[in-house]
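Every read-out reported here was derived from the displayed coordinates using simple, explicitly stated rules and does not represent laboratory data. All values reported here derive from a predicted model rather than from experimental measurement. No Cβ is skipped: glycine too gets one built from the backbone with ideal geometry, and neighbour counts run over all protein chains shown.
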Amino acid sequence: MVQLINEKKREYVNDHAELPRNFLMLTIIFSASLFEFYINDVLEVVSPNHSIRYMDQKLKRVKKRIVLLPPDIHNYDDNINEILNIRHVLVHNEGIIDDKFMRRVKDSSYKIGDQISINESLMHEVINNLHNFMTILDREYKKQFCG
């Protein structure tokens, strides 16, 4: 009986080897997507009736319309850009880096054709950077537009 349990356990582990990677990937995608929804919501308040299509332009408009943003918010610009482009590649290109990604991301460690390396470190980096950026932005947004 113990042998059968151990065999079934090994089968289960082998069958679900990708589960941790998929969980990390989905957490990264979900976090970045929530960030995009948040930026869209803020943009509707700070710049109603806009016709901006691309997230980088939306983000620039939001930062332009919310006056008196602390200078340290710009420390996150490259990180946020990279996160949004990682999300894009994961969702639309099976995680394979393409020339569009390379043009948009200023990090020479990436190469066209490489797979985005999904790991806990990346997941934590994504969550922490998005949280820190949104905390700063949200505080100033609420001061200016929510009374």
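Some observations on this one:
- Among (i) 29, 19, 11; (ii) 37, 18, 13; (iii) 22, 16, 15, the entry that matches semi-axes √(5λ) of the Cα gyration tensor in Å as calculated here: (ii)
- For the peptides 89-100, 107-118, the ranking by packing is 89-100, 107-118, with the highest mean count of neighbouring Cβ atoms within 10 Å listed first.
- Helix-only mean residue ellipticity at 222 nm for the chain, each DSSP H run of n ≥ 4 adding -39500 (n - 2.57), per residue, nearest 500: -23000 deg cm²/dmol
- Relative to the longest principal axis of the Cα atoms of the chain, the long axis of helix 77-92 lies at roughly 50 degrees.
- The angle between the Cα long axis of helix 120-145 and the main principal axis of the chain comes to about 20°, on a 0 to 90 degree scale.
- Mean separation of Cα pairs under 8 Å and 6 or more residues apart, divided by the residue count, gives the chain a relative contact order of 30 percent.
- Nearest 10 degrees, 0 to 90: helix 2-15 Cα axis against the chain principal axis: 40
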